[in-house]
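S.K.: This is the structure I want to talk about, given as structure tokens.
What follows draws every value from the coordinates through simple rules; no lab data is involved. Remember, predicted model here, so these are calculated numbers, not experimental data. Positions of Cβ are generated from backbone atoms using ideal geometry, with glycine treated the same way; all protein chains shown enter the neighbour counts.
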Amino acid sequence: MNYGLLQMQAQEQLFSSAYRDIAKEFPLGKSKAIVAIVDDDASIREGVGSLLRSAGWSVETFVSAEEFLARPRGNAPSCVLLDLQLPDLSGLDLQKWMIEAKLDIPIVFITGHGNIPASVQAMKAGAVEFLTKPFDEEHLFHAINEAIDRDRASRQRYAEIDALRGHYESLTHREQEVMQQVVSGLLNKQVAAELDISEFTVKVHRAQVMRKMHANSLADLVRMAEKLGIRPPKNP
């Protein structure tokens, strides 16, 4: 069923058994996700918004890119359902601005003015999908679920890195020095020589590093260092 038919039969479709069957095929995650619809067409905002709310998503609607950018970002996984043609910034311009501003929210383009160059540009810039109106609601659900999953995974990565950064910052300066040397592959006696301390002191600091970083093995510690971008200091 395409979106044009949805507009004509909105109320019937929202409660039809066919629609409920489709919605069941696309279960949401544990946390309620947010879909931001950015489109200057009121019928799109209202119709698609009702459809997505009935499927269990939280929905926020915006008339323009400026209005969307003014809203604070929520804590729940989210994505943007973005029209290509907007009254201020175009959808592609908004996508570019978000990338430059490091506003990492997955985008699903929906447009009645799609063309191959625009779709290629959008996808190369990281868009999840490029749907042309009238679009199939099943494809829309697939695209939104993929976008939400991508944002959820991204948030998880950021949370893990933030936690690791907090652990690293809890280390003393000397412990950080020992960690930098250890993850570079040096043995305790080599670290001792590099830092001009005893091998016993290195072992003590190394044990503290492992405890504070919650690392179960040297391999764990190396992976943590890679995520944090830690590099051993260069010798003068």
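S.K.: What are the ³J(HN,Hα) couplings of region 205-215, residue after residue, when phi is run through the Karplus curve with 6.51, -1.76, 1.60 and θ = phi - 60°? Round to Hz, x for glycine and proline.
M.R.: Running phi through 6.51 cos²θ - 1.76 cosθ + 1.60 with θ = phi - 60° gives 5, 5, 5, 5, 4, 4, 5, 5, 7, 6, 9 Hz.
S.K.: What is the Cα centroid distance between region 85-138 and region 160-221, reported in whole angstrom?
M.R.: A separation of 45 Å, based on Cα centres.
S.K.: Let me ask something additional. Name the residues whose placed amide hydrogens come within less than 5 Å of the amide hydrogen of Phe135, ignoring near sequence neighbours (fewer than 5 apart) on the same chain.
M.R.: Here Tyr3, Gly4 satisfy the definition.
S.K.: For region 90-95, in order, what is each residue's ³J(HN,Hα) by Karplus, 6.51 cos²θ - 1.76 cosθ + 1.60 with θ = phi - 60°, in whole Hz (x at glycine and Pro)?
M.R.: Using θ = phi - 60°, the values come out as 6, x, 5, 5, 5, 4 Hz.
S.K.: Same structure again: With a ≥ b ≥ c taken as the square roots of the eigenvalues of the C-alpha gyration tensor of region 170-228, please select rounded if a/c is under 1.5 and otherwise prolate if a/b is larger than b/c or oblate if it is not? Intermediate results must be reported in sequence, preceding the final value.
M.R.: Details: a/c = 1.77, a/b = 1.48, b/c = 1.19.
It comes out prolate by the Cα gyration axes.
S.K.: Right, another one. Past 28 Å, Cα to Cα, is the threshold; run Lys189/Lys212; Lys124/Lys227; Lys96/Lys212 against it and keep the listed order.
M.R.: In this structure, Lys96/Lys212 exceed 28 Å between Cα atoms.
S.K.: Now for a separate question. Taking amide H positions as placed 1.01 Å from N in the peptide plane, with prolines and chain starts having none, which residues 5 or more places from Leu86, or on another chain, fall under 5 Å of its amide H?
M.R.: Gly91
S.K.: Check Thr61: other-chain or 5+ apart residues with amide H under 5 Å from its amide H, H built from backbone geometry?
M.R.: Answer set, sorted by chain and number: Ile37.
S.K.: Under a Cβ-Cβ cut-off of 9 Å, what is the net charge of the residues other than Phe109 that fall near it, where Lys and Arg count +1 and Asp and Glu count -1?
M.R.: -2
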